[in-house]
Amino acid sequence: MTPKDIHDLSADEWDELNDPRPEGNDFDKVVERAISRRGFLGGVLAFGSGAAVMGTGLLKGTTAMAQPASRFPFTPIAAQTDGTVHVPEGYSWKTLVRWGDPLFSDAANAYDPKAGVSVEFADRVMGENTDGMELYNVDGREILVVNSEYTNNKVNLPHREDGLPGSLDDVRILQHLQGVTVMELAQNDDGWSVVLDSPYNRRIHHNTPMTFSGPAAGHDLLKTEADPTGMASLGTMNNCGSGRTPWGTYLTCEENFNGYFGAASEVSADSMVMDGFKRYGVSTKVDAGRYNYHGFDARFDVATNPNEPHRAGYIVEIDPANPDMTPIKHTALGRFKHENAAYGIAADGRVVVYMGDDERGEFMYRWVSNGIYVPGEDTSSLLVEGTLSVAVFEDDMNGRWVPLTPATTGMDAAHIAVFTRMAASKVGATTMDRPEWIAVHPNASEAYCCLTNNSRRGVLNDDGTVRTNAGGDPMTVNAVNPRDTNKYGQIVRWRPEGGDHGADGFSWDLYVMAGNPTVHADGPMAGSANINAGNLFNSPDGMVIDSTGLIWIQTDGDDDNEGDFAGMGNNQMLAGDPVTGRIERFLTGPNGCEVTGLCWSTDRRTMFVGIQHPGSNWPDGEGNLPRSAVVAVTRDDGGLVG
Ligand code: FEO
Ligand code: CA
Ligand code: CA
Ligand code: CA
């Protein structure tokens, strides 16, 4: 069925399409059970019929039926396939800052629409490929902190046909356009803009001095030729999602750090290090690799610096109020492909941080500090001393956090911090469908994680065994990851025992299974009952719950709008009601992009949304390079947006 067919449906046909799907085999029952947890089922079903009416009204462009319920402060928009951003009627968006825009007045002309940014200014402009971000009010000034996850090399090095650096300058351009941008914002009648030369403006990139905390700090595994102390790392890499601490600092999360390393010659290292390369995907093949940093910057050559990859893959703390602060890599929170970091406070005041490891078949983690958070008191040990645990999800919809300690893993604390994935494999953690962002509900004792997709879930090898992660843990279909070759993704929600994020037990359900009921009339591919033709999406990724309790879901999926993805359009941002399960589309991005990163101005009248790797010439138009950017979304009546 094409999107055009959907326009022609009557309300009856629409209801038919959204009928509860027939009970099938035992597998289907597991799925059904996962999405119909007591207390949630009623809401979803009640919503199911309402959604049908709503969706039809919306798609037909009528007004009466398309009026949003009060829970959603907007009229949902249709899927889009064009090259720009769309928001609901009564809302507007405006570009705030793009890759290459200056932070300092000497970099005012740093960006060239044909050549990008030269090495001289690469660390004085907004980085490329915006991702997680948070906003802070520091002494009345609005400070935005934004990750730049990676570079599109061909866009950044237009003089290099293959996109691979051909000189150390090329390497530095790429290195300095990634990391983190800290910038002060100001608002006037024209909207928001970056305050040039603000004392808070700062770029943190692949060569910025950092320090380590926690059990691996100073350990032999972190020592390199350049840093025999194992305490002074250079740079933060592949800064994906974000987090914030209750004490006002920023957490940047190092994800696919492995891709920057390569080998200029044969690699030999001890077996634990070699096993680590395999588990974390660090290539030891002698070739140019993905970035060819190692061709010009020996730090990234694992043949000569085998410990360098051990210095990335962490949660890194940055104080946006102090531009002189040396960022801290907190090894106690584990080394893996960190997506984001979402905090909660345990009943007794300890700090809890939930984290996902985004790779097929990797795990979900939780940090609980030893000390309690007391506003205004010393917080320096709260991400240093505590317990890291990993999630086990049972098919009976209960689960538990299993601590990673020398007693449970047989590894010492430093090795647990550096080879966290291997430690987690030892305690039987549940292999997940790529955990992306986690969001903690600010007003209810529950948290959510986007499990974006997993093409290898349940897939068999030639010998009949099931595919595993790189550590050999099988990706068998289970209740929390209930679909083989999962192409749409799902969002799991858990409620800690006793409403205490510090408790080790939890119960869980699936908040939504994305799917396409217009292509698959029934079965798991149709998705859960809160998916309908009006809110189709795939691959949930970014996620933030706002102060009103709405769940904002951003997608990073297949946007070809064909076949199994027909009717989904470009990547997008939707809002979900945690109580009813109802989900509505709020924003669509330009084609080719991923929508990622979300925060609000202090007065909550502006929402900042990140547009990463747009495929067209957005936002500058024909003849210009595509530029990732942060956009500011406001209500035309000046009202609150979250
Ligand atoms: Fe950088 Fe898993 O997204
Ligand atoms: Ca992501
Ligand atoms: Ca993703
Ligand atoms: Ca991305």
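About the Cα centre of the range 6-635, what is the dipole size in debye to 20, counting +1 per Lys and Arg Cβ and -1 per Asp and Glu Cβ, all else neutral?
I would put it at about 560 debye.
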Counting only protein heavy atoms and rolling a 1.4 Å probe, one gets per residue an accessible area for the chain in Å² of 35
With the charge dipole of the range 507-594 built from beta-carbon charges (+1 for Lys and Arg, -1 for Asp and Glu) about the Cα centre, the Cα from 593, 555, 581 projecting farthest to the positive end belongs to 581
Per its Cα gyration tensor (rounded if a/c is under 1.5, else prolate when a/b beats b/c, else oblate), the range 376-501 is best filed as oblate
Of 432-438, 497-503, ordering from highest average Cβ density within 10 Å down gives 432-438, 497-503
Excluding ligands, DNA and RNA, the carbon-plus-sulfur percentage of the accessible area of the range 6-635 with a 1.4 Å probe reads 48
With a 23 Å threshold on alpha-carbon distance, the violating pairs from 223/426; 337/487; 94/337; 223/337; 337/426 are 223/426; 94/337
Sorting 364, 325 on solvent-accessible surface, 1.4 Å probe, most exposed first, gives 325, 364
The local net charge around residue 202, scoring Lys/Arg +1 and Asp/Glu -1 for residues other than residue 202 whose Cβ lies under 14 Å from its Cβ, equals -2
With the dipole of the chain defined by +1 on each Lys or Arg Cβ and -1 on each Asp or Glu Cβ, the option from 262, 171, 331 whose Cα lies farthest towards the positive pole is 331
Given 220-226, 350-356, 168-174, the highest-first ranking by average Cβ count within 10 Å works out to 350-356, 168-174, 220-226
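Would you please calculate the Kirkwood hydrodynamic radius of the range 414-460 over all C-alpha pairs and express it in Å, rounded to one decimal?
Working: mean 1/r = 0.0762 Å⁻¹.
Kirkwood radius, the range 414-460: 13.1 Å.
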Here the percent of antiparallel bridges among DSSP beta bridges lying wholly in the chain, to the nearest 5, is 95
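Classify the range 204-301 as rounded, prolate or oblate from the Cα gyration tensor: take a ≥ b ≥ c as the square roots of its eigenvalues, call it rounded if a/c is under 1.5, otherwise prolate when a/b beats b/c and oblate if not. Let's see the in-between values first.
On the way: a/c = 1.83, a/b = 1.49, b/c = 1.22.
It is prolate, given that a/c is not under 1.5 and a/b is the larger ratio.
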Sorted on mean Cβ neighbours within 10 Å (highest first), peptides 91-97, 187-193 come out as 91-97, 187-193
Sorting 318, 158, 93 by the position of each Cα along the dipole of the chain (Lys, Arg +1; Asp, Glu -1; all at Cβ), the one nearest the positive end of that ordering is 318
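The values are calculated or read from the model by the stated rules, or taken from the named source; none is laboratory data. Since the structure is predicted, the reported quantities are computational estimates derived from the model, not experimental observations. Every residue, glycine among them, receives a Cβ derived from its backbone with ideal geometry; neighbour counts consider all protein chains shown. Keep in mind that these areas ignore ligands, DNA and RNA; they rest on the heavy atoms of the full protein, side chains included. Shrake-Rupley method; radii C 1.70, N 1.55, O 1.52, S 1.80 Å.
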